[in-house]
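Remarks on the structure that follows.
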Amino acid sequence: MRLVSFSIAHYRSISRAKKLQISSLTTLVGPNNEGKSNILRALVIALGLLEGVRNTRIIRGRVAYRQNVDRYNWERDFPIGLQETTTEGKSKFDLEFALDDAESAAFHKEVGSKLNGTLPIRLELGRGTAAFSVPKQGRGKAKLSEKQDSIVRFLSKRISLTYIPSIRTAREAEQIVDQLLGRALLVLDDNAEYKAALKVITKLQQPILDGVATEITKTMKMFIKGIAKVQLQISEGDRSQALRVGTQIIVDDGAATLLERKGDGVQSLAALALMRHLSESGSLGQHLILAIEEPETHLHPEAIQELKGVLVQIAKKNQVIVTTHNPLLVNRTNIGSNILVQDSLARPAKQISEIRDALGVRAADNLRHAELILLVEGEDDKRGLHPILSNAYPVLKDALVNGTLALDSLAGGSNLAYKVSQARSALCSVHCFIDKDDCGVTAVDRAEKEGLIEPADVNFAICEGRDESELEDLYDPAIYEPMLLNKFGVALNHSKFKGRKKWSDRLADTFRAQGKLWKNQTEEEIKYRIAEIVAANPGAAIQQHHRTIIDALAAGLSSKLSALNSTR
């Protein structure tokens, strides 16, 4: 089961938000005080009440208000402007669920109706009133409406909500962790040994309870003549639940400390770690929905990047909905899953530029329209690769022309982690083309360990038969040999230009072997001149037996562009 859309009417600052599409990982973004948190809280109210009525009486959709509604307060949550005109106004929350084949079969068995399409449920909260209904359109509407109590019960058993607010007291953080640990222990309820142990506990407890009940009976009979007997009982469910609470988490980071005495950031990460465990191990037939307000709060940038990975992992099997001000948590591969909230209105983002504007992110002029950045080692690599990619790959040419794809220079491989972080902050997806030398490999390893990139985000300028290699190793020497001979008096038909070293080291040895000085300025000038030659004749620049390296780079870029385009 998956939540596929959510609608709100008349809740706090949100007058109406219609059919917000909910994906596996949904991000609510926008300026401060524009309604992000209100939308998330509205969703939490609706899902929380739906989950909470699992063991509650439901009569024609209505549930007891005081016993079940704890997150909604009409005087606070119904728009104040409307309160002045009516005391009967209601906040409305529409949830739409999609069921898989097994769930549809279970629905037919439990409810007695076949489901055609998605399953909608509406919650209306008024001043002391709470009621569910089924706003299904078309065929079957009347029958489903008659069975709304069974439908609410069906959904209630199959969803599990965890809400982590942005501001948490130590007690609230402890309750969140305790709740998640309790869910992890639920699996024991079907364990035969556990059930037998509960019976032993019941057998030991009951005589004590009976003794206390006898004393209570004696005392109460003194005051109330009609009392015959008082009994004390602990229900099986309450006894089992009591064994699932009070678990302590001790974190040892050099000194063993109770989690409740750690900071907010550590407590949040513990809750997320438990959530991931529940997600990966299953949840007793329930669909987990994790709602988090500003999960980046109290975390440093590196931890935020790791947090993004955890959220993505959870979202593979369940659903995650977050509010954020941080561009690192924006979903760059599915633009439409980012919901823009501005001026109390909400809608899916269509372009990355809209999200940048909403978050106040400023990208460099050359990257203003970019959605994918190809990071290369130097300006000469950038100057040479741009025409090569444009010449041979029409899709990349179009993306380069319209600015969706942009090339940016690292100014040295050691800057890779910094540049990737900068690109992520500008809400750009990233791909890297790096020299295959010690500096490049070390920089990539570091960026991967920091969670900034994955192996799929990197291609190396590998030249088979060489220990190290760079972009110039892939170029055909025939296109620039005349320039070296005419400008520097150096011929390439020398034995020093052969061997396993990378291009710049081989060329330096070749210069020295022919009585020429090799300086940094010399290397910079030659690379610049070669890049200019490549730009003038890109079709002949790459040696044929190295063409697969550029083809693989182009394929990686094209795949990412296709993924970005498919989400518009």
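The values are calculated or read from the model by the stated rules, or taken from the named source; none is laboratory data. Here the structure is a predicted model, which means the values were calculated and not measured. Heads up, the Cβs are rebuilt from the backbone with ideal geometry, glycines too, and the neighbour counts pull from every protein chain shown.
Odds and ends about this structure:
- Of all residues in region 24-47 being assigned to a helix (DSSP H, G or I) and surrounded by fewer than 22 Cβ atoms within 10 Å (Cβ to Cβ), the one that is modelled with the highest pLDDT: VAL44
- Verdict on ARG332 being outside the structural domain of GLY451 (by TED's automatic domain parsing), among the basic types (Lys, Arg) and more than 23 Å from LYS419 (Cβ to Cβ): no
- Matching entry among ALA513, ALA555 (being modelled with pLDDT of 95 or more and in contact with a helix residue (DSSP H, G or I) (Cβ under 6 Å, 6 or more places away or on another chain)): ALA513
- Pairs are defined by a Cβ separation below 8 Å, a sequence spacing of at least 6 or placement on different chains, a first member in region 440-461 that is assigned by TED's automatic domain parsing to the domain that holds ASP381, and a second member that is in a loop (DSSP other than H, G, I, E, B); the pairs so defined are GLY440/GLU377; VAL444/ILE453; ALA447/ILE453; GLU448/GLU454; ALA461/GLU470.
- Taking (1) crowded, with 20+ Cβ neighbours inside 10 Å; (2) over 30 Å from ASN334 (Cα atoms) in turn, GLN521 satisfies each apart from (1).
- Conditions (1) in contact with a strand residue (DSSP E or B) (Cβ under 7 Å, 6 or more places away or on another chain); (2) part of a helix (DSSP H, G or I); number of the one not met by SER353: (1)
- Consider region 397-428 and keep the residues that are on the phi < 0 side of the Ramachandran plot and assigned to a loop (DSSP other than H, G, I, E, B). The one that is nearest to the chain's Cα centre (by Cα) is CYS428.
- Any hit, region 360-379, residues being under 20 Å from the mean Cα position of the chain (by Cα), part of a strand (DSSP E or B) and modelled with pLDDT of 90 or more: yes
- So ILE58, is it at pLDDT 90 or above and farther than 21 Å from GLN342 by Cβ: no
- For region 382-405, filtering for residues that are charged (D, E, K, R) and under 16 Å from ASP551 (Cα atoms) leaves 1.
- Filtered by the rule that a residue be free of Cβ contacts under 8 Å to residues at least 40 places away in the same chain and under 25 Å from SER160 (Cα atoms), region 189-233 gives ASP190, ASN191, ALA192, TYR194, LYS195.
- Scope region 302-311; condition of a type in the set (A, V, I, L, M, F, W, C) and either closer than 23 Å to ALA346 by Cβ or touching a His at 6+ places or on another chain (Cβ under 8 Å) (or both); matching residues: LEU311
- Residue list for region 535-552, filter: touching a helix residue (DSSP H, G or I) at 6+ places or on another chain (Cβ under 7 Å) and farther than 14 Å from ASP473 by Cβ: ALA535, ASN537, PRO538, GLY539, ALA540
- Index of the failed condition, ASP435 passing every other in (1) of a type in the set (Asp, Glu); (2) in contact (Cβ under 8 Å) with a residue 60 or more places away in the chain; (3) part of a helix (DSSP H, G or I); (4) touching a Leu at 6+ places or on another chain (Cβ under 9 Å): (3)
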